[in-house]
Amino acid sequence: MPKAPARDGRAPLPRPLLDALQDAGVAPAALAQALGLDPAALEAGLDGAQADAFLVAAWQRVADPAFGLKAGRRLRPERFGLSGLAALASPTYGEALARKARYNRLVWGDAYALARQDADAVLTVQARDEARPYGPAKVDMELASVLAFGRQFADPAITPRALHLRRPRPAFAALYREVFGCPVHFGAPANALHLDPADLGRPMRSANPGAVPWLDGAAEAALQALGDDGLAARARRLAAQALPGGEPPLARIAAALGCSERTLQRRLADEGWTWRRLLDDTRRELATEALRDPRRPVTELAYLLGFVDANSFYRAFRRWTGRSPQAWRRGSAGGR
């Protein structure tokens, strides 16, 4: 049997997941008690073994392989945690997805990476626990909920260009087309939702620029409280330190971590990352943080983030958020 997902620290289960289980006739509190868990810990914080045990038991009781798709279509904004509220307050759908990618570690959800691939904006779900009994349904729920979120709060007409899933074609394959409204490819190399890049710039009807700095601050403090999340976190810090001198080669980061390039790549993959995605996400995080300081010139960020020129930085930032750095700064500052 595959090992339970490993993780430092504790985190709650996503509230939408608990709500969906309740709707499916599985009482989360009663199930937790049956497993010898404190029901309050479901929303206060579980360790990796506890979360895995609960999810395995829950999926056995649900006994519906299409549960993730069905659950992901139903959103209850009043039940959003900190990561959901930060996404909800974002000025654009692209920034909402970026915050979701950054803060989803605050719950026992999956990791995301948002990047440009050819002519598409691609949201990839990096599931650590896909081999677990609940893994594929959890991926389904993540992707369906991200799309439902965009349709409810940005534009109901958002339609993905394609959905790629690692799982084999299931018996309920037609339901994917009904939920996503796009071609679905099973047996793919990654779990990914391909979007029109223009969708990233769609304004959020729920935008609250004044709340963004407070929510980001609270979310960042919560991330710090979780502590080190493994090798990826250490590689991220080293990359951030090296970027002002240019894009750091993988060999330099591996040497600083005391391992070979191949070992670093393998261990990053175990945590759901590639070196390229980790470096891109580090740059995005540093850029959005720096832009909150109105005194910092936008033009100097290209150098600080290791880009070859300002145009490369501008293109990357628009890929991350769907907006220019100047527009993002105005929105983040509440229009001041």
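The values are calculated or read from the model by the stated rules, or taken from the named source; none is laboratory data. Here the structure is a predicted model, which is why all the values come from computation and not from measurement. We place every Cβ from the backbone using ideal geometry, glycine too, and count neighbours over all the protein chains shown. Just so you know, the surface numbers come from the protein's heavy atoms only, side chains and all, with ligands and any DNA or RNA stripped out. Shrake-Rupley method; radii C 1.70, N 1.55, O 1.52, S 1.80 Å.
Pick from the stretch 32-51 the residues that are open to solvent by 10 Å² or more (accessible area, probe 1.4 Å) and not in a loop (DSSP other than H, G, I, E, B): which of them is modelled with the lowest pLDDT? Among those residues, the one meeting the criterion is A49. Under the condition of being open to solvent by 20 Å² or more (accessible area, probe 1.4 Å), hydrophobic (A, V, I, L, M, F, W, C) and either in contact with a helix residue (DSSP H, G or I) (Cβ under 8 Å, 6 or more places away or on another chain) or closer than 23 Å to S145 by Cα (or both), the residues counted in the stretch 12-31 number 3.
Going through the stretch 151-179 one residue at a time, which ones are in a loop (DSSP other than H, G, I, E, B), under 21 Å from G135 (Cα atoms) and open to solvent by less than 50 Å² (accessible area, probe 1.4 Å)?
Kept after step one, since they are in a loop (DSSP other than H, G, I, E, B), are these residues of the stretch 151-179: 154-161, 165-172.
Next, from what is left, pick out any that are under 21 Å from G135 (Cα atoms): 165-172.
Within the stretch 151-179, L165, R167, P170, F172 meet the criteria.
Looking at the stretch 231-306, the helices (runs of 4 or more DSSP H) lying wholly inside it that each contain 2 or more residues that are open to solvent by 60 Å² or more (accessible area, probe 1.4 Å) and farther than 24 Å from P213 by Cβ sit at 231-242, 250-256, 261-270, 275-290.
Residues that are open to solvent by 20 Å² or more (accessible area, probe 1.4 Å) and either in a helix (DSSP H, G or I) or within 22 Å of R330 (Cα to Cα) (or both) within the stretch 79-90 comprise R79, L82, L85, L88, listed in sequence order.
Remark: pairs (first residue in the stretch 44-62, among the aromatic types (F, W, Y); second residue surrounded by fewer than 19 Cβ atoms within 10 Å (Cβ to Cβ); Cβ separation under 6 Å; 6+ apart in sequence or on different chains) = W59/P133. Scanning the stretch 180-201 for residues that are small (G, A, S) and outside any loop (DSSP other than H, G, I, E, B), we see that the one that is farthest from A119 (Cα to Cα) is A192.
In the stretch 66-77, what residues are surrounded by 15 or more Cβ atoms within 10 Å (Cβ to Cβ) and not charged (D, E, K, R)? Hits for the stretch 66-77 are A66, F67, G68, L69, A71, G72, L75.
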